[in-house]
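Below: one structure, written as structure tokens.
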Amino acid sequence: MIYAYNSDIICAVATAHGKAALSVIRISGKGSILLIDKIFASTNVNKKLVEQKSHTLHFGTLRHGDEIIDEVLVSIFKSPNSYTGEDLAEISCHGSSYIQQRILEALLQEGARLAMPGEFTFRAFQNGKMDLSQAEAVADIIDADNKHSHLNAIRQMRGGFSTTINNLRLELINLVSLIELELDFSEEDVTFADRNQIKSLINKIIDEISDLANSFQMGNVLKNGVPVAIVGKPNVGKSTLLNALLKEERAIVSDIPGTTRDVIQDVMHIKGIAFRFFDTAGLRDETDDVVENLGIEKTLVTLNEANIILYVFDATTITQNELSQILEELKPYLDENKQLIMIGNKIDEMTTVPNPFINLSDLETIYISAKRNENIDQITERLVSYVDKYNLSSSFLVSNARHYNSIIKANKSLSTALKEFDENVTTDLVSVHLKAALHYLAEITGQISSEDILNSIFSNFCIGK
Ligand code: GDP
């Protein structure tokens with residue numbers, strides 16, 4: 001275990017490295033405030049920090065030996081009412097690298113040690129200030145770069161998700177005790193719980209857990225960016241469209257068919273939502289070019305993974321036949337979670353916009369000129385509305401792969417329990433599966449955790465968090 005369960009004094013710079021207007025240094029552990037008293041003198045009060053109230057702010061001078069290091073603000077938080085649950089202080093100093101270094105050196109010489117990544121949050125977990133899923137949400141908040149992942153992380157940090165999991169655990173615990181009661185008296189041939197009632201309870205929990213599992217697809221997508229595949233035959237203007245969307249020339253634009261050989265990925269934020277665009281090699285039937293074939297293979301993978309497919313065609317040359325063929329090709333990749341939007345490009349070369357889609361009026365089509373930046377906003381509006389239809393502001397989405405895996409395992413155990421219950425397998429065996437489900441749910445919040453899990457979660461934090 002890289003993190004020790006103890007309360008020795010740890011310190012770290014909590015703000016980003018390099019020169020800045022201000023910087024914050026954190027110190028936590030038993031005796032940490034006393035330690036700062038050795039190097040800090042308040043300007044206004046002739047009292048030591050240890051004698052001051054918790055949650056107070058003090059202006060003064062930091063010295064070490066003969067050297068005046070800086071004029072700083074120290075905020076103090078006394079155990080148990082701090083982020084870590086321990087005595088904790090934050091020194092706001094001027095953001096010079098030299099000053100940060102000198103303060104750390106002074107703290108180390110007075111008996112603190114450097115904190116490991118995530119160690120402050122680990123202590124918060126250790127001291128019961130937050131559970132594991134809340135601790136993970138702290139890292140998610142720091143990483144959040146769009147509206148939805150931010151909202152989701154805030155909810156998780158404030159315990160919304162933990163409450164859901166804990167309620168599910170309570171329901172399961174009740175269920176197990178109902179079943180075990182029957183077990184205790186089995187010799188006497190008494191049936192306590194109504195079998196139908198037990199069955200419907202298991203089903204109810206399965207439904208609730210399934211909802212959480214189903215939310216992962218969207219939760220994960222929003223955290224990492226909604227994947228959008230731009231596909232179409234060579235030379236229809238896919239790269240030009242991507243450039244128009246990104247408003248910068250990052251993809252290679254060329255007149256030679258098939259030059260976008262690889263899948264180009266770029267992330268763009270529209271109205272607070274992250275979209276990941278994949279410009280693909282295109283779906284071309286046969287080619288001898290190995291590199292090109294590789295590109296096509298990647299296109300197929302991209303199509304499978306995308307939530308939105310922008311199918312680009314050349315509106316000046318498209319025929320009804322060709323369109324039917326395209327749809328036939330795309331069919332295997334479409335399902336209810338996948339949105340296909342047809343993009344008719346190059347309208348600048350036409351006098352009137354044609355309507356070749358006879359009998360296909362339900363196909364959503366946007367006509368654009370990628371080259372002249374016309375109607376690109378119609379595409380971005382459509383992308384945003386795809387996400388908005390999920391009404392994300394009202395529901396929590398599971399976005400953490402570790403949580404998702406535990407949820408899936410819990411659901412599997414519950415389904416086995418239900419199946420065995422139906423098959424009249426003895427209740428003690430059914431109860432084993434219900435307890436397994438309980439175990440998996442407890443992994444999410446960290447009531448049950450292994451060293452490996454804790455190490456992998458906290459070591460991904462930044463130092464100072
Ligand atoms: P890709 O192979 O599908 O990625 O196509 P490109 O983006 O490389 O474009 C192929 C050719 O079509 C280039 O010469 C582009 O300048 C041209 N092109 C792309 N978009 C438009 C458009 O809206 N109007 C016209 N007239 N030409 C375009």
Failed condition for THR416, given (1) in contact with a His (Cβ under 8 Å, 6 or more places away or on another chain); (2) within 16 Å of the ligand (Cβ to nearest atom); (3) not hydrophobic (A, V, I, L, M, F, W, C), with all others met? (2)
Residue in region 30-51 that is closer than 18 Å to CYS93 by Cα, within 33 Å of the chain's Cα centre (by Cα) and of a type outside the set (A, V, I, L, M, F, W, C) present: no
Could you please find all residues in region 397-430 being among the aromatic types (Phe, Trp, Tyr) and at pLDDT below 95? PHE421
Those residues of region 198-221 which are in contact with a Leu (Cβ under 8 Å, 6 or more places away or on another chain) and open to solvent by 80 Å² or more (accessible area, probe 1.4 Å), in sequence order: none
Of the residues in region 222-234, those that are in contact with a Ser or Thr (Cβ under 9 Å, 6 or more places away or on another chain), open to solvent by 10 Å² or more (accessible area, probe 1.4 Å) and within 13 Å of the ligand (Cβ to nearest atom) number 1
Select, from LEU172, LEU168, LEU212, LEU201, the only residue that is at pLDDT 90 or above and under 15 Å from the mean Cα position of the chain (by Cα). LEU212
Pick from region 263-321, criterion modelled with pLDDT of 80 or more, aliphatic (A, V, I, L, M) and farther than 21 Å from GLY344 by Cα, ranking: nearest to the ligand (Cβ to nearest atom): MET268
Residue set SER431, SER406, SER413, SER450; condition closer than 19 Å to ASN174 by Cα and under 27 Å from the mean Cα position of the chain (by Cα); output residue SER413
So GLY65, is it at positive phi and not aromatic (Phe, Trp, Tyr): yes
Pairs, first free of Cβ contacts under 8 Å to residues at least 60 places away in the same chain in region 234-248, second more than 7 Å from the ligand (Cβ to nearest atom) and of a type in the set (Val, Ile, Thr), C-beta under 8 Å, six or more apart: SER239/ILE252; SER239/ILE264; LEU242/ILE230; LEU242/ILE264
Please state which one of SER395, SER406, SER385 is farther than 30 Å from ASP452 by Cβ, open to solvent by less than 90 Å² (accessible area, probe 1.4 Å) and free of Cβ contacts under 8 Å to residues at least 40 places away in the same chain. SER385
Across region 235-248, what is the total count of residues that are open to solvent by 20 Å² or more (accessible area, probe 1.4 Å) and near the ligand (Cβ under 8 Å from one of its atoms)? 2
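The values are calculated or read from the model by the stated rules, or taken from the named source; none is laboratory data. Everything quoted here is computed from the prediction, not taken from an experiment. Cβ atoms come from the backbone with ideal geometry, glycine included; neighbour counts cover every protein chain shown. We work out accessible area using only protein heavy atoms, side chains counted, and drop any ligands, DNA or RNA first. Shrake-Rupley method; radii C 1.70, N 1.55, O 1.52, S 1.80 Å.
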